[in-house]
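Working notes, beginning with the structure itself.
The values are calculated or read from the model by the stated rules, or taken from the named source; none is laboratory data. Just so we're clear, the structure is a prediction, and the values are computed from it rather than from any experiment. Here Cβ is always computed from backbone atoms with ideal geometry, including for glycine, and neighbour counts include all displayed protein chains. Side chains included, ligands, DNA and RNA excluded: accessible areas come from the protein's heavy atoms. Shrake-Rupley method; radii C 1.70, N 1.55, O 1.52, S 1.80 Å.
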Amino acid sequence: MKKLSKTLSVDDIEGLYSELYSSTNSFDLILPNAIKSLDFGITTLLIQYINTWFRLRSGNLIIDVKDDLSDLEDIVKLDYIFPSIIMSWEKGIYDKNLNNIKSSIRPFNEQIIESMQALENIPLFNKTFIRQKGMKSLLTCFDHLPPEKGYLDCFYLNQNFIPSEEYLTNSLEDTLDYVLSFNSKGKQNTKPIKNDLVSIIFELMKNTHDWARTDNKPIAISPNTRGLLIKFLKGTKESYIDNYKNHKGLKSYFDSLSTNSKKEVYFIEISVFDSGIGFVKKYTSSDEEVEIDKQVKIIKQCLVKHNTSDKSLEKENKGIGLDKIMQVLNHKGLFMIRTSNAFVFRNMKKDPHLVTKNEEDIELYDWHTSSNQSFTKFNECIGSNITIVYPIIIANE
């Protein structure tokens, strides 16, 4: 049995993978009832770890709730709990006394799915670290559920992925207004920000539709989760620099940012995750041992314009691959990718977007070493996780 800590960092999650692979037997996993961390991407990296545990070592999924279940509704609404419950549903969900609590959870699941389908901003329980102030929204698709429950209307039209960014702009208008509600005094024109966010979300979610629903046979993956977590974060520049004091790449990024008169920085964090086979195995055989340099090369190929887009003739509106993400983040943002054995990032202020058809021109940096030449072979994870850090330039008050 493994109980996860409330104070998880990105490095802590990597340590969990080491423990997972050191065990040859399945084990129960106890999820915490709060996460206290300033690390970007922590929520969806945790979901990715839970999905990996589920595929490789899953025993019972245990929720840390009170014996009388009085806090069950709040905990089910935690952004890392709900997708994990749906993923593990067929195996059962238990409390700390190993009582199966699925029947008590079911009404809350239905409420959350209905709210996401209607794009109602349900109050996701937010026990995050006090300096992470802001609003957030979780939208998840579950390929193993009936389409009317598993596919969200904001991303799907007649069970086909939506045809354009314009459709998504209309669908997500209220959701993005909610996430960007820091603008309540009208000092910030959020329309350009919303346009950028829609471009990012459209491309990332389209890629999960194109590549994350089947293995490379291709056979449908079940159960399978694909989701978006978007949130507004606010904190002092000093707090983020201190948080990443041992991470050369991210510390450098925060050092370069300007602040408002209160020495604060505002961010939108966008994470898109899936429990598919990941970028690397889409281009290699499922049992092939792939060297880390080749894995990074495959990721770079996915970042070259058109390489990850659906180019079938019947599609009128084709994406332009993950290259679009770099265009939107150019000169301001940062992104990180965790898939298979690779964990890489890129600071788009330091390394601006370059139009290229050659993956060798794409700069990526190793999460541990911040090197663009030598890459660490991390423990293998399931699926892909892409987290975008989009800074908001705010007027001094």
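Taking a probe of 1.4 Å, how large is the accessible area per residue of the range 177-256, in Å²?
44 Å²
Which value does Rg/Rh take for the chain over its C-alpha atoms, Rh per Kirkwood?
Radius of gyration relative to Kirkwood radius: 0.93.
Heavy atoms only, probe 1.4 Å: what % of the accessible area of the chain goes to carbon and sulfur, would you let me know?
47 percent
For a protection proxy built on the mean count of beta-carbon atoms within 10 angstrom, sort 215-222, 262-269, 245-252, 332-339 highest first, please.
Descending packing order for the listed peptides: 332-339, 262-269, 245-252, 215-222.
How far apart, in nanometres, would the label points at E291 and A118 be if each is projected 7 angstrom from Cα along the Cα-to-Cβ direction?
Placing both labels 7 Å beyond Cα along the Cβ direction yields 5.6 nm.
I need the phi-derived Karplus couplings for the range 161-171: 6.51 cos²θ - 1.76 cosθ + 1.60, θ = phi - 60°, integer Hz, Gly and Pro marked x.
So the Karplus estimates, Gly and Pro as x, are 4, 3, x, 7, 5, 4, 4, 5, 4, 5, 5 Hz.
For S374 and F27 in one chain, what is 0.36 nm times their gap in residues minus the Cα-Cα distance, to one decimal in nm?
So the chain would gain 121.5 nm between S374 and F27.
Which whole-number value in Å² is the accessible area per residue of the range 1-131, probe 1.4 Å?
Ligands and nucleic acids excluded, the figure is 41 Å² per residue.
Per residue, how big is the convex hull around the C-alpha atoms of the range 170-288? Give it to me in cubic angstrom, could you?
156 Å³
In Å³ and rounded to a whole number, note down the convex hull volume per residue for the Cα atoms of the range 324-373.
87 Å³
Using only DSSP helix segments of four residues or longer, with each worth -39500 (n - 2.57), what per-residue ellipticity at 222 nm results for the chain after dividing by its residue count and rounding to 500?
It lands at -10000 deg cm²/dmol.
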